[in-house]
Amino acid sequence: METGSNNRYRQIGFSIIFGVLGFVFTVMAVAQIVGVWWLQRSGQIVEARVTDWEASKHYLIQYTYVVDGVEYSSPKRKEGRWVQVSEDVWNTTKITRTIDVRYHPDHIFFNIPTCKSLMPGDVFADLVLGILFLVLSAYKVYRAYRSN
């Protein structure tokens, strides 16, 4: 049989886990939103050469662009990450072999295709999950102290 204090400690433990998860998801989402907003506000546009395409569940591309004679790649290209684009953009790049990319002059590696939205689905999902975990954490703490 479980005592009231053990139940309270368990609820507080779960609330800490949910709180940490919520904080992490929320911070990740907000950082991405602020970064993309900053890039869209003060970035410069360059025409990039699309170097590879992949279509499975999503339409993906990789690209390179040149600034001041130095070649840069799509985000984390060396790690095998691809940039997701819409089917229309993917088809257009197959024909033109180019895509407009916005980069920040002070942080040239920080770039994103101009066709990408400020709030992509994965960022929105991170934000919703983060807020949900934070609310669940607060509820668990409330229940732990309200039960006794």
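The values are calculated or read from the model by the stated rules, or taken from the named source; none is laboratory data. Just so you know, these numbers come straight off a predicted model, no measurement behind them. Methodologically, a virtual Cβ is constructed for each residue, glycine included, from the backbone with ideal geometry; neighbour enumeration extends over all protein chains shown.
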If I ask for residues that are assigned to a helix (DSSP H, G or I), among the polar types (S, T, N, Q), farther than 14 Å from ALA138 by Cα and modelled with pLDDT under 80, which ones from segment 1-39 would you list?
SER5, ASN6, ASN7
If I ask for residues that are part of a strand (DSSP E or B) and charged (D, E, K, R), which ones from segment 56-72 would you list?
GLU71
Selection count where residues are among the hydroxyl-bearing types (Ser, Thr, Tyr) and within 25 Å of ASP126 (Cα to Cα), scope segment 6-41:
2
Look at TRP53 and say whether it is in a helix (DSSP H, G or I), of a type in the set (Phe, Trp, Tyr), out of contact with any Pro (no Cβ under 6 Å at 6 or more places or on another chain) and free of Cβ contacts under 8 Å to residues at least 60 places away in the same chain.
no
Among the residues that make up segment 77-88, is at least one of them part of a loop (DSSP other than H, G, I, E, B) and buried (at least 16 other Cβ atoms within 10 Å of the Cβ)?
yes
